[in-house]
Amino acid sequence: MSSARRAASLPVTFFERPASLVARDLLGGILRSTLGGQRTAGRIVETEAYLGRDDPASHGYRDRRHARNEALFGPPGTWYVYLSYGMHWCANLVCGPLGHASAVLLRALEPVAGLEAMRERRGGVPDRQLCSGPGKLCQALAITRDQDGAVMRTSGITVFSNPHGAEPPAAVTTPRIGISKAAEWPLRFVVGGSPWVSRAPASLSG
């Protein structure tokens, strides 16, 4: 956990930018959770951007607004947490202008702290599978609907910048996965060569 302590939590201004930029720049950051009475953390190795009202894959497409996605229209730097297929939580950070409904989905982490707690929460799966997907990382870090709409910096689940002196990771851009609409848009970002991503890129692009 020393790397997270040396780094600073990301400011609101970081999230006041287009989701595609935020998604790329989150790679290498440390996601730290103090939820559930345990401290766990992972290095972000995979993200996806969703562009809001103009993105057919976004929950905010065409400004469709309801009780379940209200947090998506909130201020940048807040959490939007939703239940996917009625089975697992997915954690997103709201980006861009207020009300635009753009966000970044956190897709995979490299576990760096609190692995015993993660293993218990994930039912003893191999470490490679602790955080290798959006639902998996939420379970490992105890993220639930309780964090929906919370301000990131005071939510108990916080993103810290790259550790001081660390080189930014090489980013690989791919089409999005696990969706049926606008899946071909190149808005998925992974750390090149990382074994911790949910699915290895089929092809590389910078």
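Bear in mind these aren't lab numbers, they're just calculated from the coordinates by the rules spelled out. None of the values given here were measured: they were computed from a predicted structure. Using ideal geometry, Cβ is built from the backbone for each residue, glycine included, and neighbour counts are taken over all protein chains shown.
Numerical summary
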read-out	value
Debye, to nearest 20: dipole size of the chain, +1 on Lys, Arg Cβ, -1 on Asp, Glu Cβ	220
Difference of contour (0.36 nm per residue) and Cα-Cα distance, Asp146 to Asp54	30.3 nm
14 Å beta-carbon shell around Met118, net charge (K/R +1, D/E -1)	+4
Amide N proximity, the range 92-113 versus Arg62 label position 7 Å along Cα-to-Cβ, cut-off under 19 Å	100-102
Separation in nanometres of the label points that stand 7 Å from Cα toward Cβ, at Ile177 and Glu116	3.2
Percent of C-alpha pairs per 10 Å bin, the chain, short to long	10, 39, 39, 12, 0
